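Please read the structure below before turning to the comments.
A short reminder: the numbers here are calculations on the coordinates, not readings from a lab. Just so we're clear, the structure is a prediction, and the values are computed from it rather than from any experiment. Cβ atoms come from the backbone with ideal geometry, glycine included; neighbour counts cover every protein chain shown.
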Amino acid sequence: MELITTIVVGLIVGAIARFIMPGDQRMGWILTCLLGIGGSLLAGYAGQMMGMYAVGEAAGWIASVVGALVLLFVVGKLRSRTHTQ
């Protein structure tokens with residue numbers, strides 16, 4: 001059940017990040033979900049290790065979206081780099 005929750009949260013966070021990020025991100029819902037999960041993990045662990053927030057706090061959701069935005073930016077740059085070469 002934890003895995004399903006992680007996937008659903010990742011999809012929500014990834015969708016929010018794609019909505020916020022300007023421009024056209026050409027990726028399906030699976031990559032969006034993976035992006036959201038990665039952003040959540042990245043921001044969640046980093047924020048908890050720095051003592052910024054605890055598990056389940058609203059700041060964790062905000063940080064997850066920010067982490068997903070960072071990953072979306074990186075993935076967009078890497079994808080545009082491979083298409084231009």
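Have a look at 78, 11 and point out the one that is surrounded by 12 or more Cβ atoms within 10 Å (Cβ to Cβ), out of contact with any Pro (no Cβ under 7 Å at 6 or more places or on another chain) and assigned to a helix (DSSP H, G or I).
Matching residue, one of 78, 11: 11.
Restricting to region 14-60, and then to whatever is farther than 15 Å from residue 71 by Cα and touching a Phe, Trp or Tyr at 6+ places or on another chain (Cβ under 9 Å), can you tell me which residue is surrounded by the most Cβ atoms within 10 Å (Cβ to Cβ)?
Ranking the candidates gives 47 first.
Could you list, ordered by first residue, the pairs with Cβ atoms under 6 Å in which the first is in region 49-74 and of a type in the set (Gly, Ala, Ser) and the second is assigned to a loop (DSSP other than H, G, I, E, B), at least 6 apart or interchain?
Correct list of pairs: 59/53; 60/53.
I'd like to verify a number: residues in region 19-33 that are under 21 Å from residue 58 (Cα atoms) and either within 9 Å of the chain's Cα centre (by Cα) or without any contact (Cβ under 8 Å) to a residue 24 or more places away in the chain (or both), how many? Before the answer, list the steps.
Of the residues in region 19-33, the ones under 21 Å from residue 58 (Cα atoms) are 19-21, 33.
Still in the list and also either within 9 Å of the chain's Cα centre (by Cα) or without any contact (Cβ under 8 Å) to a residue 24 or more places away in the chain (or both): 19, 33.
So the answer is 2.
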